[in-house]
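This report refers to the structure that appears directly beneath it.
The values are calculated or read from the model by the stated rules, or taken from the named source; none is laboratory data. Here the structure is a predicted model, which means the values were calculated and not measured. Cβ placement follows ideal geometry from the backbone for every residue including glycine, while neighbour counts extend to all protein chains displayed. Surface accessibility is based on the protein's heavy atoms, side chains included, excluding ligands, DNA and RNA. Shrake-Rupley method; radii C 1.70, N 1.55, O 1.52, S 1.80 Å.
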Amino acid sequence: MEKINEKVLLEKGSPKTNKLEQIKTLNLSRLALKHQDLPVRLLSRLQSLERWDLSGNRLQELPKNLELPALRYLDLSDNQMEDVTTLESLSGLEELKMEDNLYITVSDNYKLMVLLPNLRIYNGKDVSTTANHLRFVYSENLRTRITALWEKSFQLPDPITAEKMSTLETKFVQTARQQVKFGPSSVSDFTKWRVESMAKEYLFSLTEPKQKPESRESTDTTENCDVSPTTKRKETASVMDTNTRLTPCKKLRTDLPASSVEDSPRKSSLRLKPQTLIQTNTNRMSPRKTGQPPSTPTRGPVRAETPRRASKVRQTKDDEAQMKQEKNSKATDLQRDADMLPKIKSCSKTQQPVHLKPLHVLQCHSKRDSSEDFSTQLWACAFPSLPDSTGAGGGCRLVATCGGDSVCVIDCETGMVMKKYKVPGEEFFSLAWSTVLMSRGGGAPAQHCTILAAGGKRGLVKLIHPRNNVAYGEFRASRKSLSVLRFNHNQGNFLFTGSYDNKIVMWDIGGVDSQYNFKVVQLLVLEISATPLHICLPPTSPSSHLLTACEDGLHCYNTQLGTNNTTKRSKEMEITFPIYKKEDKDHDYHTIDGLSFLTDDIVASKNYMHGSIYLWSWSRTKAQRPDKKSKSVCAVVLAELQWANTEIPYLALNTCPGQAYIVCGDDKGRLWTYHVTNLEKNCFQTGKPIQPTKVLEWPAPVRQGLSQVEGPSINSVAMDPELHFLVALSDKNMVIVWKREESS
């Protein structure tokens, strides 16, 4: 008699039901099962199964092609597992137990982290950092070597036939396994296995018709649209999708020179023209006219998708109820301050909230300039803080954006892409504006020169002079991907780079001469305990302190030069929040994925799990005496702003200090705006989060002849100093430009 049949499954499963399709938990432990005892056709009916216990059996492998789409937890401890690749079909797994399997090696552990794109808990430990390193950084190193091997020793046959391609594949894969070496010898089995699969993928990419990869990528993104945003940005090495917030795996090629203005698109590929659809040669979009959005929308359910680097979190109704209960009670735990939040002085001429309307939607970062690309993720945008170097003040309408392999400079008023810089094989994660001196020689005085720095997965910083349309140099800031760049606003030649090797480095990039010669010097290395997501320099002391938002908390560093002989420094203190006390295995509030100064003293920060944004005092927090062991101080929280209820991390907030505005996007394409000039003094004492001033709904653009584009996750936002324009970047290759409407 077969060991597993429908009757056994119904007896061992819960909740108790007479239908296999309704079982959510299944305990098949200690039944002496072998893999042939698990009938694939029968088990595949368990479409709702979330937790499965197979511990204490005799399994050497799992049946191949087992499809259990809802499975999130699997216990295979105390078995005889040998072939872990049979778990590949269980792509939704988030937690796996494999303890007491005698034949499982370190290489097998690494294979699992690559095969299972959502795996974050392995044998009871959080392996997100290691997994993302293997999926992206390690894999990218291998990809670079595989590409170099091909370009040096191989080429496609002419003509291409099935027989010749089969012979070529065998030879190329065999050579790659022998010659491509990377990482420690203890995981050589994993490296050879990874090289073999990647070599086959690379060869396939060379012969696949051009249209197919594009459509395949779009499909993957639609189905798995979860990001690394790393971690900031992560993605599985085997599939080009967005389950993580790290980066897509593209082959590296020699950098091309920056595109000239004529080479770059002059118009947006998607334009917002209210009430009209304009027929042109380029694909345009126009929004469906909607009524005025409510100022405080009701919270919708959490989307099933999450960012690339983030793991999916399934919430039950009980979880939601618990979160609401915590939200109502957490204000009592927040630290109260006698003075409460002071009235924020605004430089704006009016104390009334601004009115913004959508003006343009652009797809200027598309792969191969395709208007069908809705998979490229956009990561950072910024306005110059000062007028451009001509003194004409045109800088307030120019915004720089980065994503995919390109950096764009866009005129917000016209929607025209003024400059575009492409680096094949790169994926840009961050950029920053600054002003340095340009010497002209011949006794002529030096002039100020506005430059743009950009960096991403290759660890290189590109230096660009947009006015002259020149990408004048680059330097290697890290062997790992760069997550964030930030200039010192008082000393424009000081640049901070944060990277996935858990370091922040301070550089002096100097100025440039008329021939664009420059010199870079490393000044400081800050040892971080996790990936830095944001870097902030206090407005009044940018040369002495640095705040960094990381995956494991908010840390402060002393960056003053000349006070310490060592070039490597550890954190001075960690800033904690009362909500940390409510953490459990399902809620980690330490990831600070939004950070920006609103005034010289008030800081806005957020954790995506908490559904709110904190305003807290930098000076009062810093004035506290840190705990001797942990070096921690509790933030002096002044107010709490209601934000979206989402499980998706790395949706960055931003501030416009001159207009006293905070803006943060959510996972449905909306922008939550807060005008905080006139907060009441007792707003925090009420125990209720402050409602947003207005939530700008997703403008719902419609492609010509096609369906409406649903609201994507808004990864980043930026405002010019006078808040004439607001720019939002999405994880579906759309730059949305909003314009301020003057009050009548």
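Can you tell me the FRET efficiency between Asn27 and Ser619 if r is taken as the Cβ-Cβ distance and R0 is 51 Å, rounded to the nearest 0.05? Walk me through the numbers before you get to the answer.
On the way: r = 56 Å, r/R0 = 1.09.
About 0.35, to the nearest 0.05.
Which semi-axis lengths, in whole Å and largest first, follow from the square roots of five times the eigenvalues of the Cα gyration tensor of segment 495-535?
On the way: eigenvalues 137, 17, 9 Å².
That gives 26, 9, 7 Å for the three semi-axes.
What FRET efficiency comes out for the pair Asn558/Lys152, r = Cβ-Cβ distance, R0 = 41 Å, nearest 0.05? Kindly include the intermediate steps, with their values, before the conclusion.
On the way: r = 47 Å, r/R0 = 1.16.
According to the calculation, E is roughly 0.30.
As a quick test, which of the pairs Lys152/Lys181; Lys152/Lys732; Lys125/Lys631; Lys200/Lys668 have an alpha carbon distance above 27 angstrom in this structure?
Details: Lys152/Lys181 16 Å; Lys152/Lys732 36 Å; Lys125/Lys631 25 Å; Lys200/Lys668 37 Å.
Distance filter (> 27 Å) returns Lys152/Lys732; Lys200/Lys668.
Points 7 angstrom from Cα along the Cβ direction at Ala70 and Asp189: gap in nanometres?
3.6 nm
Give me the one-decimal nm value for the distance between modelled label points at Lys568 and Asp37, 7 Å along each residue's Cα-to-Cβ direction.
My value for the distance between the label points is 5.3 nm.
Which pairs in the list Lys16/Lys688; Lys24/Lys606; Lys585/Lys628; Lys367/Lys571 are over 31 Å apart, alpha-carbon to alpha-carbon?
Numbers: Lys16/Lys688 41 Å; Lys24/Lys606 34 Å; Lys585/Lys628 27 Å; Lys367/Lys571 40 Å.
Violating the 31 Å Cα-Cα cut-off are Lys16/Lys688; Lys24/Lys606; Lys367/Lys571.
Quick check on segment 552-701: what are the equivalent-ellipsoid semi-axes from the Cα gyration tensor, as sqrt(5λ), descending, whole Å? Could you put the intermediate results ahead of the total?
Details: eigenvalues 158, 63, 55 Å².
Square roots of five times the eigenvalues give 28, 18, 17 Å.
For a paramagnetic label modelled at 7 Å from the Cα of Arg440 toward its Cβ, which residues of segment 450-487 fall within the zone defined by backbone nitrogen distances under 19 Å?
The answer is 450-451, 465-470.
Determine the per residue accessible area of segment 72-206 with all protein chains present and a 1.4 angstrom probe, expressed in square angstrom.
On a per-residue basis, 47 Å².
Let me know the shape class of segment 20-128, please: from the alpha-carbon gyration tensor, a ≥ b ≥ c as square roots of the eigenvalues, rounded when a/c is under 1.5, otherwise prolate if a/b is greater than b/c, or oblate. Mind dumping the intermediate values first?
Values: a/c = 1.57, a/b = 1.20, b/c = 1.31.
Note, shape of segment 20-128 comes out oblate.
Taking every DSSP beta bridge with both residues inside segment 1-126, roughly what % is antiparallel (nearest 5)? Kindly include the intermediate steps, with their values, before the conclusion.
On the way: 4 of 15 bridges.
About 25 percent, rounded to the nearest 5.
Rank Val505, Val484, Phe518 by how far each Cα sits towards the positive end of the charge dipole of segment 467-536 (+1 on Lys, Arg Cβ; -1 on Asp, Glu Cβ) and give me just the farthest.
Farthest towards the positive pole: Val484.
Quick check: residue separation of Glu583 and Asn490 times 0.36 nm, minus the Cα distance between them. What number comes out in nm? Before the final figure, lay out the partial values.
Working: separation 93, 0.36 × 93 = 33.48 nm, distance 3.84 nm.
Separation in residues times 0.36 nm, less the Cα-Cα distance, equals 29.6 nm.
Charges only on Cβ, +1 for Lys and Arg, -1 for Asp and Glu: so what's the dipole of segment 527-627 about the Cα centre, in debye to the nearest 20? Working shown, then result.
Values: 10 positive and 13 negative charges, 62 e Å.
Result for segment 527-627 is approximately 300 debye, rounded to the nearest 20.
When ligands, DNA and RNA are left out and all protein chains stay put, how many square angstrom of accessible area per residue does segment 491-569 have with a 1.4 Å probe?
36 Å²
With contacts defined as alpha carbon pairs under 8 Å and 6 or more residues apart, what's the relative contact order of segment 28-82 in percent?
Values: 97 pairs, mean separation 22.9, N = 55.
Reported as a whole number, the value is 42 percent.
Please list Lys7, Lys462 in order of solvent-accessible area, largest first, computed with a 1.4 Å probe with all protein chains present. Please list the in-between numbers first.
Details: Lys7 140, Lys462 30 Å².
Final ranking, largest accessible area leading: Lys7, Lys462.
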